[in-house]
1. Looking at this structure, is ASP426 out of contact with any Gly (no Cβ under 9 Å at 6 or more places or on another chain), charged (D, E, K, R) and in the same structural domain as PRO293 (by the TED database)?
2. Take the residues in region 331-355 that are at pLDDT 95 or above and either in contact with a Phe, Trp or Tyr (Cβ under 6 Å, 6 or more places away or on another chain) or surrounded by 15 or more Cβ atoms within 10 Å (Cβ to Cβ) (or both); name whichever of them is nearest to TRP287 (Cα to Cα).
3. May I ask you to say which residue of PRO199, PRO147, PRO168 is surrounded by fewer than 22 Cβ atoms within 10 Å (Cβ to Cβ), closer than 30 Å to PRO16 by Cα and at pLDDT 95 or above?
4. Would you confirm whether any residue within region 260-280 is in a helix (DSSP H, G or I), at pLDDT below 95, over 19 Å from the mean Cα position of the chain (by Cα) and surrounded by 16 or more Cβ atoms within 10 Å (Cβ to Cβ)?
5. Within region 104-128, how many residues are of a type outside the set (Val, Ile, Thr) and in a loop (DSSP other than H, G, I, E, B)?
6. Taking the criterion of being assigned to a helix (DSSP H, G or I), surrounded by fewer than 18 Cβ atoms within 10 Å (Cβ to Cβ), of a type in the set (Ser, Thr, Tyr) and modelled with pLDDT of 95 or more, would at least one residue in region 456-467 satisfy it?
7. Would you check if there is a residue in region 195-217 being within 20 Å of the chain's Cα centre (by Cα), of a type in the set (A, V, I, L, M), in a loop (DSSP other than H, G, I, E, B) and under 30 Å from LEU257 (Cα atoms)?
8. Among the numbered conditions (1) polar (S, T, N, Q); (2) touching a His at 6+ places or on another chain (Cβ under 6 Å); (3) buried (at least 21 other Cβ atoms within 10 Å of the Cβ), tell me where SER303 comes up short.
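The values are calculated or read from the model by the stated rules, or taken from the named source; none is laboratory data. The structure presented is a predicted model; accordingly, all values stated were derived computationally and were not measured. Glycine gets a Cβ as well: all are built from the backbone with ideal geometry, and neighbour counts include every protein chain shown.
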Amino acid sequence: MGSYSVPNKPHAVCVPYPAQGHVNPMLMVAKLLHFKGFHITFVNTEYNHERLLKSRGPHALNSLPDFRFETVPDGLPPPDINATQDIPTLCDSTSKHCLTPFRQLLARLNVSSGIPPVTCIVSDGCMSFTLEAAQEVGIPDVLFWTPSACGFLAYCHYRRLIEKGFTPLKDETYMTNGYLDTIIDWIPGMKNIRIRDLPSFVRTTDPNDIMLNFVATESERSAKASAIIVNTFDELEHDVIKALSSIFPKLYTIGPLHLLLNNIPQSLPLSSIDSNLWKEEPQCLQWLDSKEPKSVVYVNFGSITVMTANQLVEFAWGLANSKQPFFWIIRPYLVMGDSAILPPEFIEETKGRSLMASWCPQVSVLNHTAIGGFLTHNGWNSTIESISSGVPMISWPFFAEQQTNCRFACTQWGISMEIDNDVKRDEVEKLVRELMEGVKSMEMREKAMEFKKKAEEAAMLNGPSFVNLENLIKEVLL
């Protein structure tokens with residue numbers, strides 16, 4: 001662990017995009033930098049700060065002297081405290097309203113007594129307004145793109161997709177007439193990618209679509225960053241990483257982050273700092289203790305996915321009819337504009353072999369011996385955590401780069417099977433049985449276990465990702 005006197009201590013300001021799947025990995029980066037001797041200021045939006053206090057208790061963000069939490073407004077009126085904020089509205093608002101309060105925060109930190117001046121910024125790739133503030137005060141700003149490398153590479157080609165006329169779509173019929181199966185063969189490092197496998201924001205007919213333009217602009221602005229970091233490892237995404245490195249010479253792969261964190265002794269007070277916006281229900285681990293090895297399907301569609309009441313019921317009966325034990329996370333607001341109500345007959349049918357909870361400690365669940373498969377939305381955190389646990393998947397991607405992760409998981413890595421977006425109980429039943437008992441599950445599990453070993457090797461002391469983190473600190477942040 002690094003040690004510096006307070007005035008000489010490097011001070012990193014970490015700025016996540018204000019969604020659960022972005023806050024978690026940024027907190028891991030902050031913890032690693034703190035372990036390496038940095039003073040940390042972690043900047044949440046005011047809304048997420050309140051949610052963290054609600055889910056983790058009023059003292060959850062009582063900082064260490066050298067790991068502090070600050071807030072900036074997101075520019076939006078406060079929604080219900082458990083609601084998932086609308087992503088396009090949030091992107092539009094943060095890009096327009098966060099720079100001024102962030103400048104003010106930096107100025108305040110730089111004159112605060114007892115803490116060192118700010119020496120660097122690590123911000124989410126979708127919070128690139130920080131680049132302007134960093135330039136004004138003359139410090140490096142590293143952008144952390146939290147998607148997979150393949151998802152980020154696809155985002156980096158959004159502008160060319162627009163220029164070549166692939167998006168926006170000419171009209172709504174292009175969503176269903178086979179156009180989405182068009183092969184895009186000119187993105188280096190990505191073979192046999194169809195338009196439907198690109199991050200979903202290309203599926204718009206509106207040239208002024210907020211997300212299409214936001215992501216195109218943010219990925220272009222990344223060229224101005226001092227460096228780019230991605231939560232992946234070379235053995236998993238080698239060709240994509242090579243292609244990204246030709247766009248961003250200072251690209252550091254430092255994943256899987258949750259495995260890198262294992263190099264920090266658990267006795268340090270840092271381990272108590274967490275970032276879950278929903279209250280976890282850890283008693284699920286005791287339930288899993290009572291189950292046979294590799295017998296339980298874990299079902300979790302992440303922190304943003306929403307589905308219709310009908311899709312929920314189809315998933316429910318597919319799981320019930322598979323006769324497999326399952327553990328299903330049904331978070332608040334999972335069902336669009338409605339509460340997630342499961343049929344009483346389903347509850348009766350699955351009694352004794354099912355458990356439902358609103359949130360859980362996912363890494364602990366995926367590493368539990370009882371888990372045999374994961375029905376997932378293929379958000380990147382879930383995907384890399386599943387890979388690192390050697391758990392094969394069924395993929396039901398919802399939006400953003402989840403479609404790209406799904407394509408790579410199913411075809412390049414051979415560790416998942418895709419379920420149709422128009423979910424039907426018979427297909428759910430069939431795929432869940434295949435995942436848990438079929439011939440394909442053995443092949444997928446074997447490949448997943450190979451990647452698990454490679455992930456552990458990447459993140460171990462002096463492994464490639466560990467060395468990349470050290471180099472990032474030496475070459476850019478100090």
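1. No, not satisfied.
2. LEU355
3. After applying the criteria, what remains is PRO168.
4. Yes: one or more hits.
5. The first filter runs over region 104-128 and keeps only residues of a type outside the set (Val, Ile, Thr), leaving 104-110, 112-114, 116-117, 120, 123-128.
Cutting the leftovers down to in a loop (DSSP other than H, G, I, E, B) gives us 112-114, 116-117, 125-128.
Looking only at that region, the number is 9.
6. no
7. yes
8. Exception for SER303: condition (2).
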